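The values are calculated or read from the model by the stated rules, or taken from the named source; none is laboratory data. Here the structure is a predicted model, which is why all the values come from computation and not from measurement. Because the Cβ atoms are built from the backbone with ideal geometry, glycine has one as well, and the counts that use them run over all protein chains shown.
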Amino acid sequence: MTAITFPTSTCTVTTTTFTNPASITIPATGTEGPASPYPSPIVVSGLTGSILQVTATFNGLSSTFPADLNALLVGPSGENVILMATTGGSEDINNVTLTFDDSAPTQLPEDAQIVSGTYQPTDYGIFTPFTPPAPPPPYGSTLSVFNGTNPNGTWNLFIFDQFEIDVGAIAGGWELNITSCEQGANTILDIQATQNENLVNQTLQNIEPKQLSKEDKVQKEKKIELIKELKEL
């Protein structure tokens, strides 16, 4: 009989939470422009292996005009994703908790009021560019842009208020949940050739696959119309 050799590998999966509880003021001064701090950093260290999944959470987000807000997350290696841009219309929000997760069932609403929950990263258009030190476009649309990269280093959250008049804050700061894969040593699986095809197929199915290293009422109405006009350009 002939031996068929299959290399396999094991993966130790861990999920770790990193938090920056410092409040973020949106914008830093006045009613338009970058938040303070800009960026808001989280330093990740001590993780081994590569990223399988990343989620991000805003704790206590408030805004008098959520559609003003754009949020960009940049990883240690430069990969980036828009978490939210021009979402939630003109409806005030107060102390909501938002988690961004690629596997969430829905995106943030474009015009309806935002409520606490888990959402996919959502981008309905950026009309005032992020200012340096934020990177220039293009930007990613899913958190999976981080998959397979080294999680260790400084992660930066850039929040920008793109229109005048209204203000906001993330009172409780933000956090990252990073699921990483520490690859174990390879092993060798030998399957002896046999005439029993069902046995071979069952054995193959039992091989564990490699786990891969992934925002005055009149003024508001005017602003709503402006945003609609910009979207139609």
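Within the stretch 80-125, being closer than 14 Å to SER63 by Cβ and of a type in the set (S, T, N, Q) holds for THR86, THR87, SER90, ASN94, ASN95, THR97, GLN113, SER116. If I ask for residues that are at negative phi and either hydroxyl-bearing (Ser, Thr, Tyr) or over 18 Å from the mean Cα position of the chain (by Cα) (or both), which ones from the stretch 88-109 would you list? Scanning the stretch 88-109 gives SER90, GLU91, ASP92, ILE93, ASN94, THR97, THR99, SER103, THR106. For the stretch 50-75, a tally of residues being closer than 19 Å to THR14 by Cα and in a loop (DSSP other than H, G, I, E, B) returns 1.
GLN107 passes every criterion in (1) over 17 Å from ASN152 (Cβ atoms); (2) buried (at least 16 other Cβ atoms within 10 Å of the Cβ); (3) out of contact with any Gly (no Cβ under 9 Å at 6 or more places or on another chain); (4) modelled with pLDDT of 95 or more apart from (2).
Results for (1) out of contact with any Lys or Arg (no Cβ under 8 Å at 6 or more places or on another chain); (2) within 25 Å of GLU182 (Cα to Cα); (3) surrounded by fewer than 24 Cβ atoms within 10 Å (Cβ to Cβ), shown as yes or no for each residue.
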| position | (1), (2), (3) |
| --- | --- |
| GLY33 | yes, no, yes |
| ASN70 | yes, no, no |
| GLY78 | yes, yes, yes |
| VAL81 | yes, yes, yes |
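Of the conditions (1) buried (at least 18 other Cβ atoms within 10 Å of the Cβ); (2) modelled with pLDDT under 85; (3) charged (D, E, K, R), ASP161 satisfies every one except a single condition; which number is it? All conditions are met except number (2).
Scanning the stretch 98-132 for residues that are part of a loop (DSSP other than H, G, I, E, B) and of a type in the set (S, T, N, Q), we see that the one that is nearest to VAL54 (Cα to Cα) is SER103. Residues of the stretch 82-94 that are part of a strand (DSSP E or B), over 14 Å from PHE160 (Cα atoms) and not polar (S, T, N, Q): ILE93 alone. Selection of the stretch 36-49 for residues being part of a strand (DSSP E or B), surrounded by fewer than 19 Cβ atoms within 10 Å (Cβ to Cβ) and hydroxyl-bearing (Ser, Thr, Tyr) yields only SER36.
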